[in-house]
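Undergrad: If you scroll down you'll find the structure; I have some questions about it.
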Amino acid sequence: MELFATLDTMGHEEVVFFHSKDTGLKAIVAIHNTVLGPALGGCRMWPYKSEAEALNDVLRLSKGMTYKAAVSGLNLGGGKSVIIGDPIKDKTAAEAFFRSFGRFIESLNGRYITAEDVNTSVEIMDYIHMETDHVVGVHPVHGGSGDPSPFTALGVIQGIKASLNRKYGHTELGKATYAVQGVGHVGFHIVKTLLDSGAKVFVSDINQDRVQQCVDMGAEAVTGDDIYTTDAKVYVPCALGATVNEKTIPLLKCDIIAGSANNQLATDECGDELEKRGILYAPDYAINAGGLMNVYIELQGYNEERATRMVEGVYDIIENIYKVADRDGLPTYKAADRMAEERIARVGKVKLPHIKQGRDRYAAARRR
Ligand code: NAD
C-alpha cells in the first residue's frame with residue numbers, strides 16, 4: 001500500500017503506530033477527520049493476518065466514524081484504533097497491556113478518544129482510563145454510560161418508525177411485520193419492543209438459546225437464509241455486515257431494511273439496486289448511532305435522560321435522509337453521505353476555532 005497516497009484519497013489527517021516492547025502492544029490509531037470535534041471511535045483487538053490488513057481495517061473504520069458522527073449532528077470527528085493480537089485472557093497481563101495503550105492514547109492529547117469495540121470491554125476501558133481521560137464506555141462507577149446496546153436498539157426503533165412513516169404514512173410498529181436477524185445485545189431489545197407493540201416478529205440466530213428466549217416472548221423462529229424470504233415488511237439486520245448482497249437482494253420480500261448491523265450493504269451497487277426495487281434502506285451508520293450518542297453524552301457528564309432524548313432524535317435524522325434523497329434524486333445511502341459531507345464542509349468554514357475549546361470542555365467534564 002502506498003500509505004500517503006491512500007491517506008490522501010481517503011482523507012485521513014493522522015495515523016499513529018504504537019509499539020511497547022515491554023507489554024508486546026502493537027496498535028494503530030487512525031484519525032480521519034477532526035473538523036467537527038475530537039475523533040471518537042472504538043478500539044478493536046483482532047489477530048490480523050498482516051499489518052497491512054490491520055491498517056486497512058483501521059483506515060476504513062475511522063472514516064466510517066466521521067460520517068456517523070457528522071450525520072448524527074454530534075460535535076465529534078472520526079477515529080478508530082486497532083490492536084494486533086488475540087484477545088487477552090490473562091487478567092494480570094491485561095492490566096499492563098491496556099494501560100500501556102492508555103498511555104499512548106494520552107500522548108495524543110485528546111485528538112482521539114477511544115471506546116469499546118470487538119474484543120474489548122468495559123473492564124479494558126477501565127484499565128485505559130487509569131492512564132487517560134480520553135476514553136468512553138468506562139464503568140458507571142467511574143462516570144461511564146454502561147452498556148450502549150439498549151440505546152442503539154432505541155435508535156433503531158426510531159429509525160423503523162421514520163421508515164414506516166415514509167412507506168405507509170404511519171408510525172405504528174404493531175401494524176407491520178418484521179424479520180430480525182441476530183438477537184444478541186441489540187436485536188433482543190428490538191424484538192422485545194416490537195412484540196410489546198403487538199407486531200408479528202420472525203427471528204433467526206445461530207445461537208439457539210437466544211432464539212428460544214424470543215420464541216418464549218412470542219416471536220416465531222426461522223432458520224438460516226429463510227430470514228431473507230420471510231413474508232415480513234421490514235428486514236432488521238442485527239448480526240453481521242454485508243447481508244444485503246447480490247445473492248440476498250433477489251430473495252427479499254420486504255419493503256424496508258432498517259437494522260443495527262454495521263456495513264449492511266456488500267457494495268454501493270447493492271444500495272442502488274434496493275432503490276431500483278423500491279426497497280427503502282435506512283442507512284446503517286445513521287440508524288445505529290444510538291450507542292455513539294450515548295457515549296457522547298458521557299463526555300459531557302453522563303445523564304441517562306439526556307442520552308435518551310438525543311437517541312430519540314434518530315427519527316428526525318432518518319426522516320431528513322429520506323427528504324434529501326428525494327430532493328437530490330439519490331439512493332438513501334448516498335443521501336446520508338452527502339448530508340455528512342455537507343455538514344463537515346459548512347461547519348468547517350465557521351467553527352474551527354471552537355474545536356480546541358470543545359475538547360477542553362469534555363476533558364474538564366470528565367475530571368469533575
Ligand atoms: P451481539 O454479538 O450481541 O449479537 C449478534 C448476534 O448475531 C449474536 O446473537 C450472534 O449469535 C448472531 N449471529 C451471528 N451470525 C449470525 C448469522 N449468520 N445469522 C443469524 N444470527 C447470527 O452484537 P450486538 O452488540 O447485538 O450488535 C449487533 C450488530 O449491531 C453488530 O453488527 C454490531 O456491529 C452492530 N452495532 C452494535 C452496537 C451496540 O451498541 N452493541 C452499536 C452499533 C452497531
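Undergrad: Considering each residue of the range 198-215, count those that are away from the ligand (no atom under 13 Å from the Cβ) and open to solvent by less than 50 Å² (accessible area, probe 1.4 Å), and give that number.
TA: Of the range 198-215, the ones away from the ligand (no atom under 13 Å from the Cβ) are 198-201, 215.
From what is left, the residues that are open to solvent by less than 50 Å² (accessible area, probe 1.4 Å) are 199, 201.
Result for the range 198-215: 2.
Undergrad: A follow-up question, please. Could you figure out which of (1) touching a Gly at 6+ places or on another chain (Cβ under 7 Å); (2) of a type outside the set (Lys, Arg); (3) buried (at least 23 other Cβ atoms within 10 Å of the Cβ) isn't true of Val35?
TA: Unmet condition: (3).
Undergrad: Something else now. For the range 227-242, which positions are open to solvent by 10 Å² or more (accessible area, probe 1.4 Å) and either within 14 Å of the ligand (Cβ to nearest atom) or of a type in the set (Val, Ile, Thr) (or both)? Give the derivation first.
TA: Step one: of the range 227-242, the residues open to solvent by 10 Å² or more (accessible area, probe 1.4 Å) are 228-231, 233, 238-242.
Those that are open to solvent by 10 Å² or more (accessible area, probe 1.4 Å) and either within 14 Å of the ligand (Cβ to nearest atom) or of a type in the set (Val, Ile, Thr) (or both): Tyr228, Thr229, Thr230, Cys238, Ala239, Leu240, Gly241, Ala242.
Undergrad: So in the range 248-259, with the set limited to residues that are in a loop (DSSP other than H, G, I, E, B) and of a type in the set (A, V, I, L, M, F, W, C), which one is nearest to the ligand (Cβ to nearest atom)?
TA: Our first condition is that a residue be in a loop (DSSP other than H, G, I, E, B); within the range 248-259, this holds for 248, 252-255, 258-259.
After this cut, where a residue has to be of a type in the set (A, V, I, L, M, F, W, C) as well, the list is 252, 254, 258.
Numbers: Leu252: 15, Cys254: 16, Ala258: 12 Å.
The qualifying residue nearest to the ligand (Cβ to nearest atom) is Ala258.
Undergrad: If you don't mind, there's one more thing I want to ask. For Asn245, state whether it is within 12 Å of the ligand (Cβ to nearest atom) and farther than 19 Å from Arg166 by Cα.
TA: So Asn245 does not fit the description; no.
Undergrad: Among the helices (runs of 4 or more DSSP H) lying completely within the range 280-347, list those that include at least 2 residues that are more than 16 Å from the ligand (Cβ to nearest atom) and modelled with pLDDT of 95 or more. Reasoning before the result, please.
TA: Numbers: elements: 284-287, 290-299, 304-312, 314-328.
Per the criteria, 304-312, 314-328.
Undergrad: Filter the range 260-279 down to the residues that are more than 13 Å from the ligand (Cβ to nearest atom) and part of a loop (DSSP other than H, G, I, E, B) and list them by number.
TA: Passing the criteria: Ala266, Thr267, Gly278, Ile279.
Undergrad: Is at least one residue of the range 2-11 under 24 Å from Asp126 (Cβ atoms) and open to solvent by less than 50 Å² (accessible area, probe 1.4 Å)?
TA: Here is the first cut: in the range 2-11, the ones under 24 Å from Asp126 (Cβ atoms) are none.
Checking the range 2-11: not a single residue is under 24 Å from Asp126 (Cβ atoms) and open to solvent by less than 50 Å² (accessible area, probe 1.4 Å).
Undergrad: For residues in the range 123-155 being surrounded by 17 or more Cβ atoms within 10 Å (Cβ to Cβ) and among the β-branched types (Val, Ile, Thr), which is nearest to the chain's Cα centre (by Cα)?
TA: Step by step, filter the range 123-155, then rank; the result is Thr152.
Undergrad: Within the range 108-122, how many residues turn out to be open to solvent by less than 20 Å² (accessible area, probe 1.4 Å), within 19 Å of Val16 (Cα to Cα) and within 14 Å of the ligand (Cβ to nearest atom)?
TA: Of the range 108-122, the ones open to solvent by less than 20 Å² (accessible area, probe 1.4 Å) are 108, 110, 112-115, 120.
Checking which are within 19 Å of Val16 (Cα to Cα) leaves us with 108, 110, 112-115.
Restricting the remaining residues to those that are within 14 Å of the ligand (Cβ to nearest atom) gives 115.
Residues flagged as open to solvent by less than 20 Å² (accessible area, probe 1.4 Å), within 19 Å of Val16 (Cα to Cα) and within 14 Å of the ligand (Cβ to nearest atom) within the range 108-122 amount to 1.
The values are calculated or read from the model by the stated rules, or taken from the named source; none is laboratory data. Note that the structure is a prediction, hence the values are computed from the model and not measured. Positions of Cβ are generated from backbone atoms using ideal geometry, with glycine treated the same way; all protein chains shown enter the neighbour counts. What goes into the accessible areas is simple: the full protein's heavy atoms, side chains included, and nothing from ligands, DNA or RNA. Shrake-Rupley method; radii C 1.70, N 1.55, O 1.52, S 1.80 Å.
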